[in-house]
Each structure stands twice: as C-alpha cells, then as structure tokens.
Amino acid sequence: MSTARLEYNGQSWDFPVVEGTENELGVDISELRAKSGLITLDEGYGNTGSCKSAITYIDGDKGILRYRGYPIEQIAEQSSFVESAWLVIYGELPNEKQRERFSALLTKHAMIHESMRNHFQGFPNNAPPMAILSAMINAIGCFSPEVLGSDTEANFEENAARLLSQVRSIAAATYKMSMGQPMMYPRPDFKYCENFLHMMFSVPNGRITPDPDAARALNQFLTLHADHEQNCSTSTVRMVASSGANMYASVSAGVSALWGPLHGGANVAVVNMLEEIRSSGMDPHVYMEKIKDKNSKLKLMGFGHRVYRNFDPRSRILQKAAEVILSKLKIQDPLLEIARRLEEVALRDSYFVDRKLYPNVDFYSGIILRAIGIPLDMFTVMFAIGRMPGWIANYKEIHDAERLKINRPRQIYTGAAIRDFVPRDARVQ
Ligand code: ACO
C-alpha cells in the first residue's frame, strides 16, 4: 500500500493512500489528529472525500458519469427511470422478477394516505412546492408503520418503494392544491411517468391520456437526475442518516438542501434568466458582458460545476432531448434559441474557457419541463423526484455499513478567545 507523508514542525507522519476502482486516489487522514494534533481545513469540501461509495462514478475533467459502472449515455438511451432507480439503489440491473416486484410495490404505494389531504390544506395556496415536499416527506413517514421498526431488508424495500412512488403523488397533489383543483388518484394501469402526468393534468371531469412523447421526455429527465455522487443534497442525506435518523427524515433534509439556487434551484434560475433576456430583447453578448463584470454579481445560471471542468454529459443529452420534445409537440420555444446562443458565446469567451465553465444539467432541462407543461415553481420538485433513487441508495449505504458512524466534521475556531461574562448592567449600551 502506498503512503503520503506529511511533515510539520520537524516531525513527519505517513498516511495510507486509498485507491478507487477507477484509480482515483485519496489520502486517508482518519488518524491525522490522533497522530499529529492537526486537522485538515477544506472549506466547501472541494478536496474532501467524505465517504467510500459504490453508487456513482464521475470524472469531472473528462465529463464522465456512470451509475453503478454503466455510462449515463447508455442508460439514458436504453433504460427507464424505474429501472435505473432499481440499479442505483440495489447495484445491479433488475431481472424480470425483480422488475415486476418493484413495479407492483410502486403501484401498491402510489396513493398517499387520505389524511394527508388535511396537511395540504394547512399550507397557503402560494406556498413554495419545495417547502411542501420536504414537510410532506416527513409526514408520510408518520403513516408508515415500518418507519419506527428496525431497518430490516423488507422494511427498507417497502419504504424505498413508498418514497419513490409517493414523491410523485405529493408533487402532483401540491400542484393541484395550488390550482384549487381536486387531487387525482393514481391509476394502476399507468406507468410511472404517465401516472405523474395524469395526476398533474387530469381533473375528475376531464381525464387526459398522457402524451407518450411527454412521458418519454420526462422519463429521460428523471433518469438523468437519478444520482450524482456526493453533491450538497446527497451529502446532507448521508449526514442526517449517519445519526440513525429514518429514511424519510434523511431524504426530507435532502429536499431542503436541493432547494437552493446554487443546487437544484438553478433550473428555475436558468429559465428566469432566459425569460429576462427574451423579454428585454437583450443580445446574449450584452448579457455575457454583464456577467463578466465583477460588480454585477450575476452568474450565467446553468453553467459551471464544482466537479465538472468539462461538459456535464447530462447537458448534452438534455439539449438533444429538448430539441426532440419541442419538435414532437410542435412547440416553438424562443428560450431554446437564446440558450443555444448563450452557450455558443460562452464556449468561445476566455472568461468561461479559462475557468472551465460548461453547461450543467440545469441549462437545458427547464426547456423540457416547460414543453411538457410543468410550471416554473415545480421545476426543483421535478429534480427532487429524479434524485430520489440516489438519496435512497446513499441512505442504504450508510445503513448497510458494519457500524453506524455519525458524520461529525471538526472546525478551526476563529471566534473570541476566553473572556469573563459581563453582567447586564455593566455592558456598553
Ligand atoms: N457564471 C459566471 N461565472 C462563474 C459561474 C457562472 N455560472 N460559475 C463559476 N463562475 C466563476 C466564479 O465567479 C469564479 O470566478 P473567479 O475565479 O474570478 O472568482 C470561478 O468561476 C470559480 O467559481 P466558483 O464559484 O469558485 O466555483 P464553485 O465550484 O464553487 O461553484 C457552482 C460551482 C456553484 C455550480 C457555480 O459554478 C455556479 O454558481 N453556477 C451557477 C449556478 C448553477 O448553475 N448551479 C447548478 C449546479 S449543478 C447542480 O447543482 C445540479
């Protein structure tokens, strides 16, 4: 085993170098503090491997993404969201029996508990859908008898299927409540994405037949979001799970982390940005100049990534998918053209080239969601539905470990040094 040596203050220590399947290397510093009294400081965790994981592999320099070893391009082309969810969660492609069993579980759990209607009614009509989703995920946990039971394999399977199935029912119900329409029950004869479109867009006196092209585009969107190793929300799920919290509590925390505009909320920010350019009639070049101006604090939303210093492979697939769905549904969306032009300008501009900023997953995904009729405030919820398999799989890795070890980083304290407490009447007013 190779080692890395650290020298400090005339002393030196050797630490093992750990090698992953794809030859990526990490220095195991778990004994650093015990040996040297030092800790590492890595604000934002850009250089910290927080765990070993067998779920997803990313090579950000080469623009590679694989779920359980399978290239994302092959999965997007040949698989479905439900199948890739099984793959991400259980590690292998399902055989026929496993597929049928999983589908049956998803159907069994598609309906949310009737009492949940009261929970929805407690929110104002304009409540942010991500707030509702996060709260509702914890709430459905309370209706699941297994949640307080031991984390057996059977309980895990039931809870995983319930979460995966009901996240979609909750999302659709949130939309229905915001529209003042009755919640629609899921249909057992519809597949995952068709059922979602039905629950979103059917009304009791006007059932829709889900458009197969829309269902296909949605399937691809969700599949491409299924996992992305230790991003902000997934790390949050692992952090919460490491305390022994149940699957619903862990995943609900992940939803909150995803909400932020630097993470899942970027898909909304991209469309807002494209809309602003469209409505103002601004030339994309002019917008780019504004972004490059340090005083503007503007960012080209949907560009840049902590890990990818190359094209995010998902953005390439989603760009094509956006073109396909717009043409199939015969929709002219001016935002697609603006996005293409911004990308063209950025890829030739030294500001973006030098910083290795490329389109990420959010740059084109909003155009697909708009085309299939998803309202803007639901975009990040759609991301959350897609990311559910990854969150569940990461929760599983934490709970399958030989010993549950709480995640607890350290810090370098920079506050006041020790001082005596000042009584209220002696304080400077
Ligand atoms: N537009 C303009 N400049 C950018 C952008 C951008 N989108 N992204 C990074 N930069 C610049 C930064 O200003 C910085 O410039 P400087 O060196 O002159 O100070 C440099 O590139 C490095 O950027 P960091 O912020 O240090 O990169 P980091 O890895 O911390 O951030 C992030 C990554 C948050 C994704 C960032 O690129 C960003 O804010 N992008 C826009 C938001 C977005 O699309 N988020 C979705 C990410 S994908 C996902 O979470 C699903």
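Please treat every number below as a calculation from the coordinates, not as lab data. For clarity, every value in this text was computed on a predicted model and none was experimentally measured. Ideal geometry is used to build each Cβ from the backbone, glycine not excepted, and the neighbour counts take in all protein chains shown.
Structural remarks
- Residue match in segment 19-42 (condition: closer than 21 Å to residue 89 by Cα, touching a Ser or Thr at 6+ places or on another chain (Cβ under 7 Å), among the hydroxyl-bearing types (Ser, Thr, Tyr) and surrounded by fewer than 16 Cβ atoms within 10 Å (Cβ to Cβ)): no
- Condition met for residue 349 (over 27 Å from the mean Cα position of the chain (by Cα) and within 11 Å of the ligand (Cβ to nearest atom)): yes
- The condition of being closer than 30 Å to residue 323 by Cβ, in contact (Cβ under 8 Å) with a residue 12 or more places away in the chain and either of a type in the set (A, V, I, L, M, F, W, C) or within 9 Å of the ligand (Cβ to nearest atom) (or both) holds for only one of 241, 269, that being 269.
- In segment 87-126, the residue that is farthest from residue 251 (Cα to Cα) out of those that are touching a residue at least 24 places away in the same chain (Cβ under 8 Å), among the hydrophobic types (A, V, I, L, M, F, W, C) and not in a helix (DSSP H, G or I) is 123.
- Enumeration of residues in segment 185-237 that are within 16 Å of the ligand (Cβ to nearest atom), among the small types (Gly, Ala, Ser) and in contact with a Leu (Cβ under 9 Å, 6 or more places away or on another chain): 226, 233
- Residues within segment 318-334 that are more than 13 Å from the ligand (Cβ to nearest atom) and under 18 Å from residue 266 (Cα atoms), tallied: 2
- Condition check for residue 251 on (1) over 29 Å from residue 238 (Cα atoms); (2) more than 8 Å from the ligand (Cβ to nearest atom): one failure, at (1).
- Selection of first residues in segment 403-429 that are assigned to a loop (DSSP other than H, G, I, E, B) and of second residues that are surrounded by 10 or more Cβ atoms within 10 Å (Cβ to Cβ) and among the basic types (Lys, Arg), restricted to Cβ pairs under 8 Å at least 6 apart or on distinct chains, gives the following pairs, ordered by first then second residue: 407/238; 410/33.
- Selected residue (criterion: surrounded by the fewest Cβ atoms within 10 Å (Cβ to Cβ)) from residues of segment 272-300 that are within 15 Å of the ligand (Cβ to nearest atom) and under 30 Å from residue 170 (Cα atoms): 272
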